[in-house]
Amino acid sequence: MPKPDPALLDPERYLFTCRIEPRFSDLDVNLHINNVAMAAFLEEAHIRFHRVNGYRQGITGGLTTMVASVTIEYLGQGSYPAPIDVHLAIERVGRTSHEMVKLVTQEGAPIAFSRTVMVTVGADGPAPNPTGFTQTAAEWTLRP
């Protein structure tokens, strides 16, 4: 898979950042942050992002969400104990889904890039995004 567009590796383009402290147990045998741990950090970051941007509050009345797609590009090695910063933005909003981009940096250097597609789901399958989310999402889109 090709590496992400270099423009997506600029943390200034992302409107949300959260800091996560790796644990020693997140390391692999080579003393790098394990790929599974990185996936968990990305998941934790998008949960925090959804709490801040109002998406989670709109998931009511039998709606839920599901991850339809996740890609992770490993750009460098993460280490312990330096914290990682996960920068997030919404790249696209559809009728029943939205796509987020995530940049992971450690001590200012990019170490991972991820793209996640989230789908709003009702009893019969994909459902319209929560009321007002499309307008709210505009505040959280990737900066030009």
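Given a 1.4 Å probe and heavy atoms of the protein chains only, how would you sort Lys102, Lys3, largest accessible area at the top?
Putting Lys102, Lys3 in descending order of accessible area: Lys3, Lys102.
Output needed: percent of Cα pairs per 5 Å distance bin for segment 103-143, bins running from 0 to the one holding the longest distance.
Result, from short to long distances: 5, 15, 16, 19, 16, 13, 9, 5, 1 percent.
Give, as a single signed number, the net charge of other residues whose beta carbon lies under 9 Å from the beta carbon of Glu73, with Lys and Arg counted +1 and Asp and Glu -1.
Local charge sum for Glu73: +2.
Using +1 at the Cβ of each Lys and Arg and -1 at the Cβ of each Asp and Glu in the chain, identify which of Pro130, Leu42, Ala82 lies farthest towards the dipole's positive end.
Result: Pro130.
Please pull out the direction-averaged projected area of segment 20-136, using the convex hull of its alpha-carbon atoms, in nm² to one decimal place. Before the final figure, lay out the partial values.
Numbers: hull surface 30.6 nm².
Here the figure is 7.6 nm², rounded to one decimal.
To check you understand DSSP bridge types, tell me what percent of the beta bridges within the chain (both residues inside) are antiparallel, rounded to 5.
Restricted to the chain, the bridges split so that about 95 percent are antiparallel.
If you average the sequence gap of Cα pairs under 8 Å that are 6 or more apart and divide by the length of segment 41-144, what percent do you get for the contact order?
31
Given the whole protein assembly as supplied and a 1.4 Å probe, what does the accessible area of Phe16 come to in Å², nearest 10?
20
The values are calculated or read from the model by the stated rules, or taken from the named source; none is laboratory data. All figures in this text were calculated on a predicted structure; none of them were measured in a lab. No Cβ is skipped: glycine too gets one built from the backbone with ideal geometry, and neighbour counts run over all protein chains shown. Quick note on the areas: whole protein, heavy atoms, side chains included, nothing else; ligands and nucleic acids left out. Shrake-Rupley method; radii C 1.70, N 1.55, O 1.52, S 1.80 Å.
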